[in-house]
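Trainee: The structure follows.
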Amino acid sequence: MTASVISESDRAPLPASYRDEPRHLAALAVAMTLVQLFDGIIGLRLNDPGRAYGPMVFAAINFGLLWWMKRLVATRRSASS
C-alpha cells in the first residue's frame, strides 16, 4: 500500500480526479497561481492597489503551498522506498 499525500479525513471535499493523484492537484495549483498572478498584474497596470496586492498575495500563498506539497510528496516517497 502506498502512502497517500492526503489523509482519509481530508479526501471528502476533493473531486475524484484530485484524490489519488497529487500531480492533478499540483496542476490546478499552478493554473490558479498563474491566474492570480496575471490578475495582480492587471491591477498594477490599472494603478489600483486593491486589485493588485490581493491577487499577488494569494498567488504567493498558492506558490508556497505548492512548494510545500511538492516537498511533502518527495519526503513521503523517499520514506516509503
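Trainee: Using 7 Å Cα-to-Cβ label points, what is the residue 80/residue 32 separation (nm, one decimal)?
Mentor: Calculated label separation equals 2.3 nm.
Trainee: Additional query: Each residue of the range 52-59 in order: what ³J(HN,Hα) in whole Hz does its phi give by Karplus 6.51 cos²θ - 1.76 cosθ + 1.60, θ = phi - 60°, with x for Gly and Pro?
Mentor: Per-residue couplings from phi come out as 9, 6, x, x, 5, 5, 5, 5 Hz.
Any read-out appearing in this document is the output of simple, stated calculations on the displayed coordinates, not a laboratory observation. Fair warning: this is a prediction, and the values are worked out from it, not measured in the lab. Note: ideal-geometry Cβ built from the backbone for every residue, glycine included; neighbour counts use all protein chains shown.
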